[in-house]
Amino acid sequence: MAEGGATKFELKFSHHVIEHLGLKLYQNKPTNVIAELVSNSWDAGAKVVNIDMSVSDDRDSRFVAVSDNGSGMTATELAENYLVIGKPKRRVRGERYAMGRKGIGKLAPFGIANTIDVVTVSGGQATWIKLPLPALLQEGDATAPTEIATYEPRVVLQNSPLADAPFSEDKTGQIEKFSTFIGSGSGTLILLTNLSLIRPISKENIIEGMGRRFTVTLNREDFSVFVNGDKIEDDTSLPKFEFRIPKTGFSVENIGGNQVRYWVGFVKVASWPSDEAGVGVYAHGKIAQDRPFTFGVKGREIFTRYMYAVVEADFLDEQNEDVISTDRSSIDWDNPIALQLYEWGAKNLRLWIEEYRVFRSGDEERRIQELVESKISQGELPKIRDDEKAILSKLLAEVTPSLPKHDGSDEKVTAAVMKAYLHVPTRTLLKRLWSSYSKDGSAEAGEFLGVVEKIADAAIPEALSIAVTFAERAYAISCLSDYQHSRGEPEMQKLLERFPWIIQPGYEKLTANQQLKTLVMEAAKRGLSPSRVDLSNPVDEETKPDFVFYSDLEKAQIVVVELKTPRDDLTLSNREQLASYLTYLEQQYPSSKIEGILVGSNGKGLEPKRDDLRIMSWADVLNESRRGHVDMLAAMLKTADPDPDDARIQQIIEFGGPDVWRALERVATNDEHLSNLLKERG
């Protein structure tokens, strides 16, 4: 190489700058190092970038080569720009806005390599220099902290065609390959050898990493990146999403006069590490806030674990004040401009999650219902009603998305919830204890009493569960006091047919018996049973005579209820009609206990005249029923003797409401033990 006119190459750097901005910032982070080199290729206007790596187990033969067909550098540009650490780049708006800003990304390769070869071609002239890390560190250590260290790299080629380069000095073969790649054009190759990495670099990790750290590698036709010959594309660098906002492309919004583009994807199974989930914020195509990041939103980890969002905010990289960290992993969110984006992101992230939750809930609900159906058909879960399956599936769909599927956690939770819903654990325990009691007739008195105590203790959850149920019913009856003044007989009839406990707590075992009703009405039509109601003409189902017929399974108990609205006075005809039905039923079921209840406004003081018939106002029915339910509630609480802070006491207060709680306090005035419990809770 001729000496005349040769450019002098000097790398000038402050004391320990190589260590702090190269080694420590990028040490053992090959993806970040390669990302810096790719961003330099972008800034150089390259259309194609090749990332070539050796994945050999032989550490000595491993290398990383990043080559591009960008503008390349002349020897002067290499000396005055590339080798000056910290020299800011000119950033001109246009087709490409430079990603580099601080001029220190060139030190990144020292985070994973001990030797850097820089080969660059511009205007047909090539320059090749070598930068060995040990020599740089030695030079820096020998320089005083206040002085600028200078290192002259070895020049292998300068201002000559690349074809004249001594390719034999490159054992990797990458420089000769680079020569073929650019042909007569321009470009730059950064070759990293003597790698400090213990493990070989994974090609798949680099492909995914480039997809995560850049948007330009995927979204532009004029910039393609290849890893060992494979182009980085959506299907190889991004996860497979089951839900995306929007379905394709980007959404665009304006924040304080600045444009933001974004899209959000949710995966079905989060097979990635947790630090790869969340939001990535990009500026001019390069990561500015790395994942995991959620704009400070907490408590949504169940869903953000499945999220991969891209937010492009170019304006962050255009401020006079630098708001992006040196390693481009975080943003100064206290900056007023950045804070606007942060607040926008926190609000929108909650909306994205809600959209996904609704989508996942419907999908998960169907999956859980299919799981329940399958397990029931196989006999692994107890049979329940279809409406109960739907309710439980909806409940479980809120929980199971956060559970791993591969270990059967969702199946275990589903089984546990169903069994708890049916009180299986408590009932199984009670059955075992009762069986122990019945079989162990030879037990001593002390052992017998021990079993009795265990049975009583095991019954407590059941008693408290029943107490909550009675509190709910007492509250429902309180509400019906208003309902019955504004509704007619058909509505109240339907309620009583469905819920006989509204009449009184003891009627839980009874159900509306349509056969009895049909039997009596047919008899009345044929004159077999006296009737003052004209049944000869067809009657609409909604306006049939206001009678409800109840019975137990064996028809040992039959109750006939005739309903009149509070606005209508009860008449002698009403009483005689009900009495005639009772008489007919006595003839048909002589061994049954039969009674009748006439409900309505009894302003004229109509008397029942029969022992098996009661006349009650609606207020009487509701007050008596509520009193009966409150008495049962009190009995269950006294039996269970719960801790005042028990969650089910709070449920009784919430479900029963203040009226029921006051009624319970009135009952407690005659029971010191119950009174003390209520006082402790109150």
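The values are calculated or read from the model by the stated rules, or taken from the named source; none is laboratory data. Please read these numbers as outputs of a predicted model, since none were measured by experiment. No Cβ is skipped: glycine too gets one built from the backbone with ideal geometry, and neighbour counts run over all protein chains shown. These accessible areas exclude ligands, DNA and RNA; they are computed on the full protein's heavy atoms, side chains included. Shrake-Rupley method; radii C 1.70, N 1.55, O 1.52, S 1.80 Å.
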Next on the checklist: It is to be established whether one or more residues within region 415-427 are under 18 Å from the mean Cα position of the chain (by Cα) and either at pLDDT 70 or above or open to solvent by 40 Å² or more (accessible area, probe 1.4 Å) (or both).
Outcome noted: no
Checklist entry - in a helix (DSSP H, G or I), in contact with a strand residue (DSSP E or B) (Cβ under 6 Å, 6 or more places away or on another chain) and within 21 Å of LEU133 (Cα to Cα) - does that describe any residue in region 162-175? => result yes
Checklist entry - Mind checking which residues of region 291-329 are over 19 Å from the mean Cα position of the chain (by Cα) and modelled with pLDDT of 90 or more? => result VAL311, GLU312, ALA313, ASP314, PHE315, LEU316
Next on the checklist: Would you confirm whether or not region 289-306 contains a residue that is assigned to a strand (DSSP E or B) and either in contact with a Leu (Cβ under 7 Å, 6 or more places away or on another chain) or farther than 14 Å from THR215 by Cβ (or both)?
Outcome noted: no
Item to check | Single residue of region 264-277 satisfying the filter (open to solvent by less than 10 Å² (accessible area, probe 1.4 Å) and touching a residue at least 60 places away in the same chain (Cβ under 8 Å)) that is farthest from THR294 (Cα to Cα) | outcome: PHE266
Checklist entry - Can you name every residue in region 243-262 that is outside any strand (DSSP E or B), open to solvent by less than 80 Å² (accessible area, probe 1.4 Å) and either touching an Asp or Glu at 6+ places or on another chain (Cβ under 7 Å) or of a type outside the set (Phe, Trp, Tyr) (or both)? => result PRO246, GLY249, GLY256, GLY257
Checklist entry - Taking THR236 and the conditions (1) surrounded by 18 or more Cβ atoms within 10 Å (Cβ to Cβ); (2) in a helix (DSSP H, G or I); (3) among the β-branched types (Val, Ile, Thr), which numbered condition does it fall short on, given that it satisfies the others? => result (1)
Checklist entry - Hey, any hits in region 514-521 for a residue that's open to solvent by less than 40 Å² (accessible area, probe 1.4 Å), under 17 Å from GLN577 (Cα atoms) and at pLDDT 90 or above? => result yes
Checklist entry - When you go through GLU576, GLU595 one by one, which is the residue that is touching a residue at least 40 places away in the same chain (Cβ under 8 Å) and of a type in the set (Asp, Glu)? => result GLU576
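To keep it simple, each residue is scored yes or no on (1) open to solvent by less than 40 Å² (accessible area, probe 1.4 Å); (2) at pLDDT below 75.
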{"site": "TRP42", "(1), (2)": "yes, no"}
{"site": "VAL55", "(1), (2)": "no, yes"}
{"site": "ASN81", "(1), (2)": "no, no"}
{"site": "SER122", "(1), (2)": "yes, no"}
Checklist entry - Residues in region 387-402: is at least one at pLDDT below 65 and out of contact with any strand residue (DSSP E or B) (no Cβ under 8 Å at 6 or more places or on another chain)? => result yes
Item to check | All positions within region 278-290 that are within 18 Å of the chain's Cα centre (by Cα) and either among the small types (Gly, Ala, Ser) or more than 19 Å from LYS347 (Cα to Cα) (or both) | outcome: GLY278
Checklist outcome for this item: Residue pairs within 7 Å by beta carbon, gap of at least six or interchain, first lying in region 664-677 and over 18 Å from HIS629 (Cβ atoms), second open to solvent by 50 Å² or more (accessible area, probe 1.4 Å) and modelled with pLDDT of 80 or more, listed first then second, are SER675/THR669
Checklist entry - Does LYS638 meet the test of being touching a helix residue (DSSP H, G or I) at 6+ places or on another chain (Cβ under 8 Å), surrounded by fewer than 22 Cβ atoms within 10 Å (Cβ to Cβ), without any contact (Cβ under 8 Å) to a residue 60 or more places away in the chain and of a type in the set (D, E, K, R)? => result yes
Next on the checklist: Please verify whether GLU355 is assigned to a helix (DSSP H, G or I) and within 15 Å of the chain's Cα centre (by Cα), treating the condition exactly as stated.
Outcome noted: yes
Next on the checklist: Condition first: at pLDDT below 75 and in a helix (DSSP H, G or I). Now tell me which residues in region 403-414 satisfy that.
Outcome noted: SER409, ASP410
Next on the checklist: Whether any residue in region 339-346 is open to solvent by less than 60 Å² (accessible area, probe 1.4 Å), under 26 Å from SER39 (Cβ atoms) and more than 22 Å from the chain's Cα centre (by Cα) is what I want to check.
Outcome noted: yes
Checklist entry - Mind checking which residues of region 180-215 are assigned to a helix (DSSP H, G or I) and open to solvent by less than 10 Å² (accessible area, probe 1.4 Å)? => result ILE206, GLY209, MET210, GLY211
Checklist entry - Identify, please: which residue in region 584-627 is among the polar types (S, T, N, Q) and under 30 Å from ALA467 (Cβ atoms) and is, among those, least open to solvent (accessible area, probe 1.4 Å)? => result SER625
Next on the checklist: Given the condition without any contact (Cβ under 8 Å) to a residue 40 or more places away in the chain and open to solvent by 40 Å² or more (accessible area, probe 1.4 Å), answer yes or no: does some residue in region 278-288 qualify?
Outcome noted: no
Checklist entry - Going by the structure shown, is ALA668 loosely packed, with under 13 Cβ neighbours inside 10 Å and farther than 28 Å from LEU519 by Cβ? => result no
Next on the checklist: List the residue pairs whose Cβ atoms are under 9 Å apart, where the first residue sits in region 336-350 and is in contact (Cβ under 8 Å) with a residue 24 or more places away in the chain, the second is in a helix (DSSP H, G or I), and the two are 6 or more positions apart or on different chains.
Outcome noted: ILE337/PHE315; ILE337/LEU316; LEU341/PHE315; LEU341/LEU316; LEU349/THR304
Checklist entry - Only one of (1) in a loop (DSSP other than H, G, I, E, B); (2) modelled with pLDDT of 90 or more; (3) surrounded by 14 or more Cβ atoms within 10 Å (Cβ to Cβ); (4) not aliphatic (A, V, I, L, M) is not met by PRO545, so which one is it? => result (2)
Next on the checklist: Restricting to region 57-67, count the residues that are open to solvent by 30 Å² or more (accessible area, probe 1.4 Å) and either under 28 Å from ARG220 (Cα atoms) or of a type outside the set (Asp, Glu) (or both).
Outcome noted: 2
Next on the checklist: Cβ-Cβ under 8 Å, sequence separation 6+ or interchain: first residue in region 148-170 and free of Cβ contacts under 8 Å to residues at least 40 places away in the same chain and open to solvent by less than 40 Å² (accessible area, probe 1.4 Å), partner part of a loop (DSSP other than H, G, I, E, B) and of a type in the set (Ser, Thr, Tyr). Which pairs?
Outcome noted: none
Next on the checklist: So, GLY70, is that one open to solvent by less than 30 Å² (accessible area, probe 1.4 Å), at pLDDT 90 or above and assigned to a loop (DSSP other than H, G, I, E, B) or not?
Outcome noted: yes
Checklist outcome for this item: All conditions in (1) open to solvent by 10 Å² or more (accessible area, probe 1.4 Å); (2) modelled with pLDDT of 85 or more; (3) hydrophobic (A, V, I, L, M, F, W, C) are true of ALA647 except (2)
